[in-house]
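The values are calculated or read from the model by the stated rules, or taken from the named source; none is laboratory data. On a predicted model such as this, the values are computed, not experimentally measured, just so you know. Positions of Cβ are generated from backbone atoms using ideal geometry, with glycine treated the same way; all protein chains shown enter the neighbour counts. Please note that ligands, DNA and RNA were not included when accessible areas were found on the heavy atoms of the full protein model with its side chains. Shrake-Rupley method; radii C 1.70, N 1.55, O 1.52, S 1.80 Å.
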Amino acid sequence: YSALEAADRLAKEDGIETTVVNVRFLKPFDRELILSLLAGTDKIVTVEEGSACGGFASVIQRELLQGRDRGQEFLALAVGEGSLPLASRNELLAHCGLDAAGIYRSVREFVQHK
């Protein structure tokens, strides 16, 4: 829901249109669906509440972008490496930039970066 909230804010405040896809499961991986979604964009952002290493971001990079020059830029938002403070789930998401405000800031900066 944080990604949807951030997408709504991006559209309303910045005129940035996004497509949000909830990928509930990595396996089985629907390669054709993901390829069709990626075909129409030049910027790709993944958001996951786990480590990017071995998660959905890794699948996108390895399976779909590696070795292909599609001119697409990629940003993975995920929990960073290292230890985390003891906190509530919401506090941890904010700490990692994975709450709606953090996603909004990161995507806005990524899209506006030329």
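Table for the structure above
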quantity	calculated
L92-C53 FRET efficiency (beta carbon distance; Förster radius 25 Å; 0.05 resolution)	0.90
Sites L4 and R31 - FRET efficiency at Förster radius 30 Å, r taken between beta-carbons, to 0.05	0.80
Rounded to whole Hz, the Karplus (6.51, -1.76, 1.60) HN-Hα couplings of the range 41-46, x for glycine and proline	9, 10, 10, 10, 10, 10
Residue (of G97, F110, S83) at the positive-pole extreme of the range 75-114, dipole from beta-carbon charges	F110
Heavy-atom accessible area per residue - the chain, 1.4 Å, Å²	68 Å²
Amide H contacts under 5 Å for L77, placed H, 5+ residues apart	T46, V47, E48
The chain, accessible surface, carbon-and-sulfur percent (1.4 angstrom probe)	51 percent
Cα-projected label distance for S83 with T41, points at 7 Å along beta-carbon direction, nm	3.6 nm
Size of electric dipole in the chain: Cβ of Lys, Arg +1 and of Asp, Glu -1, about Cα centre, debye, nearest 20	180 debye
For the range 35-40, 3J(HN,Hα) per residue [Karplus equation, 6.51 cos²θ - 1.76 cosθ + 1.60, θ = phi - 60°, Hz, x = Gly/Pro]	4, 5, 6, 6, 4, x
From phi via Karplus (6.51, -1.76, 1.60), per-residue ³J(HN,Hα) for the range 4-16 in Hz, x at Gly/Pro	5, 5, 5, 4, 4, 5, 4, 5, 6, 8, 10, x, 9
The range 2-55 shape via C-alpha gyration tensor axes, a/c threshold 1.5	oblate
